[in-house]
Amino acid sequence: MKKLCIALILSVAFLLNGCSSEANELTDKKLSVFTVIQIGNTLDDFSTNSAYLIFDFNKNNKVSIQYLGESYPGSYKLNGTNLSIDVLDKDKNEVSLLFTDFKKHPKNEKLYTGIFSDFTHLENHGLNILLRNYSGNEYMGFYEVE
């Protein structure tokens with residue numbers, strides 16, 4: 001009986017631990033990020049091997065942004081079609097990014113699209129050079145890479 005109780009307790013603990021890690025459709029995906037000009041269905045057959053800017057999504061809403069050989073750890077939240085990302089640079093400066101209308105492309109299963117809607121601008125953040133190149137309401141592509 002005592003062994004049965006221990007087995008039951010361990011099983012419940014294992015189940016609770018397995019359920020506690022948050023996962024969503026981005027979990028364990030690595031997406032190459034790029035700007036696009038929306039012209040008809042040009043993204044239907046799109047593919048890229050670009051490693052210029054990579055969003056690496058992990059369990060528990062953790063993300064790592066790789067840009068120019070640097071890695072910026074942070075967290076993300078996918079709420080409907082809004083993707084918000086908060087990342088830190090090596091000096092622990094935080095920047096927040098918001099992509100709206102973030103969704104899987106209807107004809108290309110490896111592609112997501114979204115609109116770069118907002119970001120906090122910090123002069124001394126490591127991603128500042130990159131963020132200056134993007135404007136609000138810019139159409140973006142996110143292509144799944146291995």
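The values are calculated or read from the model by the stated rules, or taken from the named source; none is laboratory data. Everything numeric here is computed off the predicted structure, so don't read it as measured data. Quick reminder, even Gly has a Cβ in these numbers, built from the backbone with ideal geometry, and neighbours come from all protein chains shown.
Answer with yes or no whether GLY141 is within 13 Å of the chain's Cα centre (by Cα), within 22 Å of THR27 (Cα to Cα), among the small types (Gly, Ala, Ser) and at pLDDT below 90.
Details: within 13 Å of the chain's Cα centre (by Cα): yes; within 22 Å of THR27 (Cα to Cα): yes; among the small types (Gly, Ala, Ser): yes; at pLDDT below 90: yes.
Yes; evaluated as a whole, the condition is true for this residue.
For residues that are modelled with pLDDT of 70 or more, polar (S, T, N, Q) and farther than 19 Å from ASN82 by Cα, tally how many sit in region 100-132.
The number of residues fulfilling the criteria is 1.
Which is β-branched (Val, Ile, Thr) and modelled with pLDDT of 80 or more, of VAL87, VAL36? So that I can check it myself, show each step before the final result.
Numbers: VAL36 fails: modelled with pLDDT of 80 or more.
Matching residue, one of VAL87, VAL36: VAL87.
Can you name every residue in region 82-93 that is over 18 Å from ASN137 (Cα atoms), surrounded by 14 or more Cβ atoms within 10 Å (Cβ to Cβ) and out of contact with any Ser or Thr (no Cβ under 7 Å at 6 or more places or on another chain)?
Start the filter on region 82-93 by keeping residues that are over 18 Å from ASN137 (Cα atoms), which leaves 86-93.
Next, only the ones that are surrounded by 14 or more Cβ atoms within 10 Å (Cβ to Cβ) stay: 86-89, 93.
The answer is VAL87, LEU88, ASP89, ASN93.
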